[in-house]
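Following: one structure in structure tokens, then a few remarks.
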There are 4 protein chains.
Amino acid sequence: MQRTKIAIVGASGYTGMELLRLLLLHPHAEITAVTSRQEAGKALSDVFPRYLGAAGADLRFIEPDTQAIVASGATVAFLALPHGVAAQIAHELLSAGLRVIDLSADFRLRDADVYQHYYGQSHPYPNLLEKAVYGLPEIRADKIASASLVAAPGCYPTSILLPLIPLLSAKLLDPASIVAHSMSGVSGAGRKADIPFLFCECNESVRAYGIPKHRHLSEIEQELSLAAGQEVIISFLPHLVPVHNGIATTITAKLAESCDAAAVGDALTAAYATAPFVRLLGNGVCADTKYVTRTNFIDIGWHHDPRTQRIILTSAEDNLGKGAGGQAVQCFNLMCGLPVRAGLENF
Amino acid sequence: MQRTKIAIVGASGYTGMELLRLLLLHPHAEITAVTSRQEAGKALSDVFPRYLGAAGADLRFIEPDTQAIVASGATVAFLALPHGVAAQIAHELLSAGLRVIDLSADFRLRDADVYQHYYGQSHPYPNLLEKAVYGLPEIRADKIASASLVAAPGCYPTSILLPLIPLLSAKLLDPASIVAHSMSGVSGAGRKADIPFLFCECNESVRAYGIPKHRHLSEIEQELSLAAGQEVIISFLPHLVPVHNGIATTITAKLAESCDAAAVGDALTAAYATAPFVRLLGNGVCADTKYVTRTNFIDIGWHHDPRTQRIILTSAEDNLGKGAGGQAVQCFNLMCGLPVRAGLENF
Amino acid sequence: MQRTKIAIVGASGYTGMELLRLLLLHPHAEITAVTSRQEAGKALSDVFPRYLGAAGADLRFIEPDTQAIVASGATVAFLALPHGVAAQIAHELLSAGLRVIDLSADFRLRDADVYQHYYGQSHPYPNLLEKAVYGLPEIRADKIASASLVAAPGCYPTSILLPLIPLLSAKLLDPASIVAHSMSGVSGAGRKADIPFLFCECNESVRAYGIPKHRHLSEIEQELSLAAGQEVIISFLPHLVPVHNGIATTITAKLAESCDAAAVGDALTAAYATAPFVRLLGNGVCADTKYVTRTNFIDIGWHHDPRTQRIILTSAEDNLGKGAGGQAVQCFNLMCGLPVRAGLENF
Amino acid sequence: MQRTKIAIVGASGYTGMELLRLLLLHPHAEITAVTSRQEAGKALSDVFPRYLGAAGADLRFIEPDTQAIVASGATVAFLALPHGVAAQIAHELLSAGLRVIDLSADFRLRDADVYQHYYGQSHPYPNLLEKAVYGLPEIRADKIASASLVAAPGCYPTSILLPLIPLLSAKLLDPASIVAHSMSGVSGAGRKADIPFLFCECNESVRAYGIPKHRHLSEIEQELSLAAGQEVIISFLPHLVPVHNGIATTITAKLAESCDAAAVGDALTAAYATAPFVRLLGNGVCADTKYVTRTNFIDIGWHHDPRTQRIILTSAEDNLGKGAGGQAVQCFNLMCGLPVRAGLENF
């Protein structure tokens, strides 16, 4: 089978690094362009010594120039750029006929007003929003398969949406009662020189942040509302913990009246029994990030607390894996009609 | 001023180690006996090389024998023993006329049935339960001052009770809506050889555990119910994160109807304005464990989320400090009429 | 191509876990038996939840019984057992016609007296020692290819031997001047319940140990002496540092008289230019463990210090990868005539 | 006793933070000025929330202006500034009659040419170099006591000099054979926004750097040469390991001919038997950073290897404590005739 030629735009951060890890070894992909304004001219393996010696790691970074990307022969582009920056180049690449998998927040929201409210700037290409597909493969595989523009979900949202969507669809939970508490590794903050993310500021530190209105709330509530068929407003409480990668999320919600707790496991099993990257740990089991780091898996466990009638869901994923790069590759496989696990069988 | 002679019973774990750290340097205490079944005969500094060279660190561990403890001249005993074991020696030491500060769970509950339910064994000295004072100095300093038996609160409970008690007392929150998420350092698991607490099992791991009914719920709900004047049942979600010490707790609760969010800050300020070890960070600030480790401080911040009408409280403490040893020393200072900060001015 | 059937004997520790990671995904291997006395009866994925959902992870652990291993059809056995235990089962499996790759120390030494001196017990099968091949693929690929018994080198030795052997072979260094300083991640201590390896005893701790005569000295000096053509005695200084996996080694040695420093780079390049898993970083570059963890690479950099006429070599490897499981798989590929990178193209 | 008024110039980094920790609680010091160009106007506790609630923590940072420092009444100034910057303000403060304890490298070297060679700039006040005392209290307490300008030693040098000086003074070691390996926590890199010191770049990473000619070599060799009475040139190999603070150093050196290994312990004991902050662990014991962090102790252990006739010395200190702030306070106590342990009895 011929390899699909792909470009990674903005490949010098942690998400870009994970995309490289997955795509350098992907049996059906060939990286033809990687861009980075600050690293242009350097070989992949100079910027990321981990990849030294890998086939393809002598490719050189280029400037993020649409013409050059097109000229490389790439037909699919992964964008690992800051929000606001991604939209412009997505527009250009789409116009040039490429399919785009954007890992920024620029195309995750259906409503440009919500984008403006949460991201503090007007959306530069609001007409692209309806074209974009929110790329949760377990929820809308078909639309992803045929999309030209996929918005890969945020890391926190993935860890919250996958446990909750089947339960809200089945009306098993009281939507107004949802509280989602997440703990993220430091790679989630990106690879930028900021004092709060120095080793000595994160090591031996546990802290909440972004309360009460973290930007990821916008896409979380959009997708939960779609699943529930009604507006859902939740509390989302992100925390930073001293691990490199991994997100652990613990969600509480009231069981809907007259619902049986056993229905929770049934709904999750029905939704994910054949999903290759969702591992249902079962009732009474808690997820642990150390079992999912560097994989595309999300682990989900659940409990029922009869004292409070709350359902407790725990999930664990790699924020760079299922929460970013792995999920993007999963979308890529769908878009190209490739085997679903291609390039993702690592652990 | 003459130093009070004290004994530390069960001093070979992390809580014992922290008590030693504080009491070796306490200006008004003199350690006359330290016990440990497995370390008997060894000097303090052999077991804890950190204390090598400190005045008093050549004291030798003895067996946990009441006669020997009494013979040392100690008038106050700190017990850092497993629950179930503490009650017996507490009884003996009290009978011998010592005052006891117990850091186990044996005297925290007023109701022996609740003890049996949560700890799986009948309480050996139920009549001592009414004598015991639950040792939260910010809440009942007077009773602690005159007590002969103080039950130092658990680490998680301290981080949950101090933010919530003033708000429940003032009827500002809906008690049925409380969800408390806590993240603890690994020292909370104790200094015992168990595979799940090896470095390689905890490092780069974030995980929930003890869901939905961790033992600490029993004392949390007891004290919250007292404050609220009604039965309070909450969800408590403990997590293990890879730090040595520190607990970060994030609590959500619905603002009671017709209450104003500003009343939250007012109630906390009224409760703790002069409390030397509670630091109110204010509205809109999140607590961070790295600022409180190795201190007796608890930091508390709060937010109001108008979208959900929830109040979000974050607290940070050292699980071995304000959550155990520091709090016990704070009780000791009260019991002996010492300056409140004596031996606790470290950071 | 038909997959080679393999057994992993003693698969419940960290080395066994790494062998499983590599062999579950190896394109030319099929795991037919995994043994563990304490986990017998459980599925792989019960013991190692990371592997849940992988093809083959529902295989169940069995007792380490030779008959059962043979009955599984395995033709190659990997032994990840403690020294002393491995020799017995190796003997039995060899007698039954299997080829054996032993990751313990039992077959690394040519001299049974040295074994007794360093390991404190007489060797149970001294006659097997001459049959065994010390499994450094970069040094003796041919012998490994035809061996029935391969002794995979220790983690520390690999990090010291690969930089030094070409230089000693070329007489570029004064053998009496060698000092090797190594820093290992905690997984090197194994997956056993020991207080010194608890998270709280290793985190925020850096310490030397095993000085001056760590057991790995025996094989290091054996192989260095072979390379140098004379007896080599070195100082080896192992340290424990708070990372999960990875060994960084820094070696100093005097440049031999009348040798040119440039010859160092030449000798390393000549030795490893085509070695797929040795990455020569060049003169003036220091190795960093974070680029090699979870790979089979060893990175090597070097410096010349004209002030002292010492050559300084730095190497980095994964103690569980190139230092154990990866190297064993590399030997397996050689033994079975497989592509050298098969199953090892992960990073 | 009246408190000595002191200033901390350049107090916004990790060394400044440690000086604050020690001096806020020092029984005989009163901080009257703290400076930081970037934090001017903020309270101590705004910049370092750890100190919130401490007496004195409401003091506000000022610009590093000599007039203002003098006006504060300070008679002793601690300088925690970058090299090059410290010399100028030291000159001004000395001219204004203050005594100065400089923690930068600006006054550690006796020879301005060596300064220029290692620090790449000509020394702005070479005439101050002979006035300055290299502040190792265990080696030259008397000179420190009467000095107006003390150069507090570097963190690495302290960990190397204290074990070696008594042995070189006693001619027990071959000076040409010394190799010093050091492993430092990340706080040694300072509190500045640099990608290589982000959490994700340091966590799970072990790496050498600064080979073969780290700047600290200049002061190490100066002081070793003084002790040996001859020029000493060594190999110094610094490494970065993922801990917040702490330096572990392992030194090898050949025992001088005809010397007895037992003389090593004798010489160390003679040198440090009454030194309050040097803890001799004895023969056969390795130092561990976890026992000295946040103290002013340095722990020293030693071994003799009869196979190589090398002496192996291990030391552990806190790079911010005995390696910086603690040592500076120890000098301050000497300079002011205070009890030697004043303000340093923390662990």
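The values are calculated or read from the model by the stated rules, or taken from the named source; none is laboratory data. Everything quoted here is computed from the prediction, not taken from an experiment. Cβ: placed from backbone, ideal geometry, glycine included. Neighbour counts: every protein chain shown.
Numbers at a glance
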{"read-out": "In region C:248-289, the residues that are out of contact with any Pro (no Cβ under 8 Å at 6 or more places or on another chain), over 21 Å from C:L172 (Cα atoms) and within 14 Å of chain D (Cβ to nearest Cβ)", "value": "C:A248, C:A287, C:T289"}
{"read-out": "Within region D:276-328, strands (runs of 3 or more DSSP E) holding 1 or more residues that are in contact (Cβ under 8 Å) with a residue 24 or more places away in the chain and out of contact with any Ser or Thr (no Cβ under 8 Å at 6 or more places or on another chain)", "value": "D:278-283, D:298-305"}
{"read-out": "Residues of region A:104-130 classified as in contact with a Phe, Trp or Tyr (Cβ under 7 Å, 6 or more places away or on another chain) and of a type outside the set (D, E, K, R), total", "value": "5"}
{"read-out": "Among residues of region A:290-322, those that are β-branched (V, I, T) and more than 7 Å from chain B (Cβ to nearest Cβ), counted", "value": "5"}
{"read-out": "Number of the condition not met by C:Y291 [criteria: (1) closer than 21 Å to C:I144 by Cα; (2) surrounded by fewer than 24 Cβ atoms within 10 Å (Cβ to Cβ)]", "value": "(1)"}
{"read-out": "Residue in region A:76-84 that is at pLDDT 95 or above, surrounded by fewer than 19 Cβ atoms within 10 Å (Cβ to Cβ), within 14 Å of A:I6 (Cα to Cα) and not aromatic (F, W, Y) present", "value": "no"}
{"read-out": "Considering residues of region A:218-238 that are within 13 Å of another protein chain (Cβ to nearest Cβ) and either among the acidic types (D, E) or in a strand (DSSP E or B) (or both) only, the residue surrounded by the fewest Cβ atoms within 10 Å (Cβ to Cβ)", "value": "A:E231"}
{"read-out": "Failed criterion for D:G301 (all others in (1) out of contact with any Phe, Trp or Tyr (no Cβ under 8 Å at 6 or more places or on another chain); (2) more than 24 Å from C:E204 (Cβ to Cβ) hold)", "value": "(2)"}
{"read-out": "D:A263 part of a helix (DSSP H, G or I), aliphatic (A, V, I, L, M) and in contact with a helix residue (DSSP H, G or I) (Cβ under 6 Å, 6 or more places away or on another chain)", "value": "no"}
{"read-out": "Among the candidates B:I62, B:I69, residue that is β-branched (V, I, T) and free of Cβ contacts under 8 Å to residues at least 40 places away in the same chain", "value": "B:I62"}
{"read-out": "Matching residues, region B:186-217, being away from chain A (no Cβ under 14 Å) and either under 30 Å from A:R294 (Cβ atoms) or more than 16 Å from the chain's Cα centre (by Cα) (or both)", "value": "B:A189, B:R191, B:K192, B:A193, B:D194"}
{"read-out": "Residues located in region D:115-145, provided they are over 19 Å from the mean Cα position of the chain (by Cα) and under 18 Å from D:P82 (Cα atoms)", "value": "D:Q116, D:H117, D:G120, D:Q121, D:S122, D:H123, D:P124, D:Y125, D:P126, D:L128"}
{"read-out": "Of all residues in region B:323-344 being small (G, A, S) and surrounded by fewer than 24 Cβ atoms within 10 Å (Cβ to Cβ), the one that is farthest from the other protein chains (Cβ to nearest Cβ)", "value": "B:G337"}
{"read-out": "Flag if B:A11 is among the hydrophobic types (A, V, I, L, M, F, W, C) and within 18 Å of B:V100 (Cβ to Cβ)", "value": "yes"}
{"read-out": "Near pairs, Cβ below 6 angstrom, 6+ apart or cross-chain, from region B:197-218 (in the same structural domain as B:P242 (by TED's automatic domain parsing)) to any residue that is part of a strand (DSSP E or B) and among the polar types (S, T, N, Q)", "value": "B:A208/A:T250; B:A208/A:T314"}
{"read-out": "Qualifying helices (runs of 4 or more DSSP H) (wholly inside region C:134-211; at least 1 residues being β-branched (V, I, T))", "value": "C:137-146, C:155-169"}
{"read-out": "Residue in region B:331-346 that is small (G, A, S), farther than 26 Å from B:D142 by Cβ and out of contact with any strand residue (DSSP E or B) (no Cβ under 6 Å at 6 or more places or on another chain) present", "value": "no"}
{"read-out": "Condition broken by B:G10, with the remaining ones in (1) at positive phi; (2) surrounded by fewer than 22 Cβ atoms within 10 Å (Cβ to Cβ); (3) of a type in the set (G, A, S) satisfied", "value": "(2)"}
{"read-out": "Evaluation of D:Y14 against (1) farther than 23 Å from B:T295 by Cβ; (2) among the hydroxyl-bearing types (S, T, Y); (3) in contact (Cβ under 8 Å) with a residue 40 or more places away in the chain (one fails), failing number", "value": "(1)"}
{"read-out": "Within region A:294-307, tally of residues that are crowded, with 21+ Cβ neighbours inside 10 Å, under 29 Å from B:V179 (Cα atoms) and either touching a His at 6+ places or on another chain (Cβ under 9 Å) or not aliphatic (A, V, I, L, M) (or both)", "value": "5"}
{"read-out": "Residue match in region C:239-257 (condition: touching a residue at least 12 places away in the same chain (Cβ under 8 Å), in a helix (DSSP H, G or I) and buried (at least 19 other Cβ atoms within 10 Å of the Cβ))", "value": "no"}
{"read-out": "Whichever residue in region A:111-133 is assigned to a helix (DSSP H, G or I) and among the polar types (S, T, N, Q) and, among such residues, is surrounded by the most Cβ atoms within 10 Å (Cβ to Cβ)", "value": "A:Q116"}
